[in-house]
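In what follows, a structure is listed as structure tokens, so that the remarks can point back to it.
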Amino acid sequence: MHRLSRRSVNTLLRYGGRHRRDAAAAASVASPIFNQSGGQKDSSGRWYSVLTGACTGPASTKSMKLGTVIPSGRRYESTASDFDTPDVPVEKYEYQAEVSRLMDLIVNSLYSNKEVFLRELISNASDALDKLRFLSVTAPELMEGAPELDIRIQTDQENGIITLTDSGIGMTHEELVDSLGTIAHSGTAKFLKALKDSKDAGTDSNLIGQFGVGFYSAFLVADKVVVSTKSPKSDKQYVWEGEANSSSYIVREETDPEKLIPRGTSIKLYLKRDDKGFAHPERIERLVKNYSQFVSFPIYTWQEKGFTKEVEVDEDPAEAKKDGTDDNVEKKKKTKKVVEKYWDWELTNETQPIWLRNPKEVTTQEYNEFYRKAFNEYLDPLASSHFTTEGEVEFRSILYVPAVTPMGKEDIVNPKTKNIRLYVKRVFISDDFDGELFPRYLSFVKGVVDSNDLPLNVSREILQESRIVRIMRKRLVRKAFDMILGISMSENREDYEKFWENFGKHLKLGCIEDRENHKRLAPLLRFFSSQSEQEMISLDEYVENMKPDQKDIYYIAADSVTSAKNTPFLERLYEKDLEVLFLVDPIDEVAVTNLKAYKEKNFVDISKEDLDIGEKNEEKEKEMKQEFGHICDWMKKRLGDKVASVQISNRLKASPCVLVSGKFGWSANMERLMKAQTVGDSSSLDFMRSRRVLEINPEHPIIQTLSAACKSSGDDEEAMRAIDLLYDTALISSGFTPESPSHFGGKIYEMMNMALSNKWAPQQPSFNTHSSQPQEAEIVAEPQPTLEAEVVEPVESGSQK
């Protein structure tokens, strides 16, 4: 039987058993889970995050202006003070550990965020309820007195008190001492061990606690903690009291009839001065939704509510006389709308985990709605993937590909994002990862991952590196690739174009960092080409369009499509109708270089030496070398160390020459990018760019003219200057930067001056020294009308002279 105070009986009769409670009667929970035989100390000496045996009990605070209101049902609470207890025997215990040091570690070092205290206490309460539900299958009498399984959190903002109550299994006196007195003793761990040793080893209990220190996270924000608990295995209710800076605690029997509860545990936190902000109802609600939204038991928070009603307004007699209305005439009474406020329990975690449902039963609209709500997005995702993995590692997950990049376009080299939310048994652990679950090039993927067993550290905030994590990461990455591949194969090509515009750089970064997944990354890449300048193509499409005798995939790196398509390297390939990929993004060349090949086709840079386009003729090459070998040596002697060699080109058709990079050196595009690096190493730049080869086109008139000059007058100054100018021009047309642009400009001006000398200048009149022909001199002196036609060839007049 449960005894009620006279005040409680009067209140029950007065309010008719409505479900409104006094603000002080809030139940808050942190029920730990305990084995029937009591707790045992963990060999590591650590505290456990779940109490062994659900701590429940009444936790009352001062009345909050509404009077005393208690709910119907079998859960009774009172507004009496916790400290108005009669004199009862008090037992004092010492902690079974070096508490002063260990408590300091927990409060100041173990947890990085104070707000996790609520997550830990709710997890304890959930374990207590889970244990009760499991044991009640074989012992239904355990549910008597309080059939409802829930968690209730009440706050007293004025006094800085949080009360968390659950209706779980509760604790006996022995369990209370063992679990809360032995730091790092895990009642949940012991209970799970008993399950494993029993016949019901395969039963899924969904217990959360692991380490035995979760309860003590309460001291992150509280100076004093009072735990009141009642186990159905005991006729008595016990109270545990401990303070943050104390090496001891007290346990006493609860004798106040107004504080007795049918079953469960109540934890009351007396907050520190700096942490009283946690007692705000809205903050508690936000923390519950963030960390414990998907706990399988209902969580109620004590919230202020209100409803609008109309009330009569007393009219001022002076105003009535002023209106001059007859007193005998019935007047319509004035009313106004007011908001009447009251406090009541509100269900906070009403959302059910969508990832625990069968994917076949979840609609696309439900997936999109969960995505927008969980990640504060306003657009539907491009794709989603809902899957469950079993075997060595078991977890459930839902992954999403966003429609757009975040505002401001986050730096893709930053692996720390909050896009993956990790849950352990539906309890939120963290969303702050540094590449543990996803590589940084897939950091744009959003989703949730829920596992029943992950290698967390004691604070349950950090995912430790282990083989299980590596396997999980591999499976998540594989599913992400499958999801992206599905977008690329969609009938709506615009979907993947949108994806590539937003996240193409991420996949290219993956080609650089993740060699294991090259086969998954390569089909997803897109590039412009010489035959598709407006629309990007895939590597599969390129391979399908290859010529029958084509062995390699050709590409050219440039800063734009316009620059790439006008480069002299393409002349012969255009003629043979060979498609060339245009790598116009700064990261493209590095990504393709790391891929090396695709479907047994090697990637070949057409701007590098030894280009094979499938038309080798050894006899013709031999003849060319014999005929133009002397000019190659002559030009190499003039250019010196500027080039490694001068060779006959097989890639030119319209241009006289081109400057190609060494086979293992940087291309012109890469050299340009490396120069632009803020922390570029000039010594490595000099080394990588030293290997340059000047290739000449023997069919071009300029080369043929220089060949004749080499044979006739090899030391001619004008021929030497022509070679220098040819080299500088080849630098620019090949994508390189001249070492001295001003010097190169001076050469161009000089050539222009020679070409344009006296071409459009007016011809000066020529005066004859003899005066015997005045008419002829007079005619010559009139240049404007007659010399217009003679301007075309002004040199002839001089020759005639």
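Is it the case that Arg440 is within 20 Å of the chain's Cα centre (by Cα), at pLDDT 85 or above, open to solvent by 60 Å² or more (accessible area, probe 1.4 Å) and more than 24 Å from Glu377 (Cβ to Cβ)? So Arg440 fails the test.
Considering (1) in a loop (DSSP other than H, G, I, E, B); (2) modelled with pLDDT of 80 or more; (3) out of contact with any Leu (no Cβ under 6 Å at 6 or more places or on another chain), the lone condition that Glu141 does not fulfil carries the number (1). Beta carbons closer than 8 Å, at least 6 apart along the sequence or on distinct chains, pair a first residue in the stretch 502-516 that is within 13 Å of Asp585 (Cα to Cα) with a second that is of a type in the set (D, E, K, R) and not in a helix (DSSP H, G or I) for Gly504/Arg526; Gly504/Asp585; Lys505/Asp585; Lys508/Asp585. Against the list (1) touching a residue at least 60 places away in the same chain (Cβ under 8 Å); (2) surrounded by fewer than 18 Cβ atoms within 10 Å (Cβ to Cβ); (3) among the charged types (D, E, K, R), the condition Glu618 fails is (1). Residues of the stretch 480-495 that are touching a residue at least 12 places away in the same chain (Cβ under 8 Å) and open to solvent by 70 Å² or more (accessible area, probe 1.4 Å): Asp482 alone.
Close Cβ contacts (under 6 Å, 6 or more residues apart or on different chains) running from residues in the stretch 113-129 that are more than 20 Å from Ser296 (Cβ to Cβ) to residues that are of a type in the set (Val, Ile, Thr) comprise Lys114/Val221; Phe117/Val221.
Looking across Ser234, Ser247, one residue alone is open to solvent by 10 Å² or more (accessible area, probe 1.4 Å), over 26 Å from Tyr111 (Cα atoms), assigned by the TED database to the domain that holds Asp156 and among the small types (Gly, Ala, Ser). It is Ser234. Residue check: is Glu390 farther than 13 Å from Leu476 by Cβ, at pLDDT below 90, charged (D, E, K, R) and open to solvent by 40 Å² or more (accessible area, probe 1.4 Å)? The answer is yes for Glu390.
In the stretch 234-246, the residues that are more than 16 Å from Glu91 (Cβ to Cβ) reach residues that are among the β-branched types (Val, Ile, Thr) with C-beta atoms within less than 7 angstrom, at least six apart or across chains, in these pairs: Ala244/Val107.
Those residues that are in contact with a strand residue (DSSP E or B) (Cβ under 9 Å, 6 or more places away or on another chain), aliphatic (A, V, I, L, M), in a helix (DSSP H, G or I) and over 22 Å from Tyr555 (Cα atoms), I need them from the stretch 639-679; list them, please. Listed by number, the list holds a single entry, Leu639.
A quick yes/no check of all residues on (1) of a type in the set (A, V, I, L, M, F, W, C); (2) surrounded by fewer than 19 Cβ atoms within 10 Å (Cβ to Cβ); (3) modelled with pLDDT of 90 or more; (4) in a loop (DSSP other than H, G, I, E, B):
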{"position": "Ser266", "(1), (2), (3), (4)": "no, no, yes, no"}
{"position": "Gly277", "(1), (2), (3), (4)": "no, yes, yes, no"}
{"position": "Val288", "(1), (2), (3), (4)": "yes, no, yes, no"}
{"position": "Glu304", "(1), (2), (3), (4)": "no, yes, no, no"}
{"position": "Glu310", "(1), (2), (3), (4)": "no, yes, no, no"}
{"position": "Lys321", "(1), (2), (3), (4)": "no, yes, no, no"}
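The values are calculated or read from the model by the stated rules, or taken from the named source; none is laboratory data. Bear in mind the structure is a predicted one, so any value in this text is a computation, not a measurement. Because the Cβ atoms are built from the backbone with ideal geometry, glycine has one as well, and the counts that use them run over all protein chains shown. To get the accessible areas, we keep the full protein, side chains included, count just its heavy atoms, and leave off ligands, DNA and RNA. Shrake-Rupley method; radii C 1.70, N 1.55, O 1.52, S 1.80 Å.
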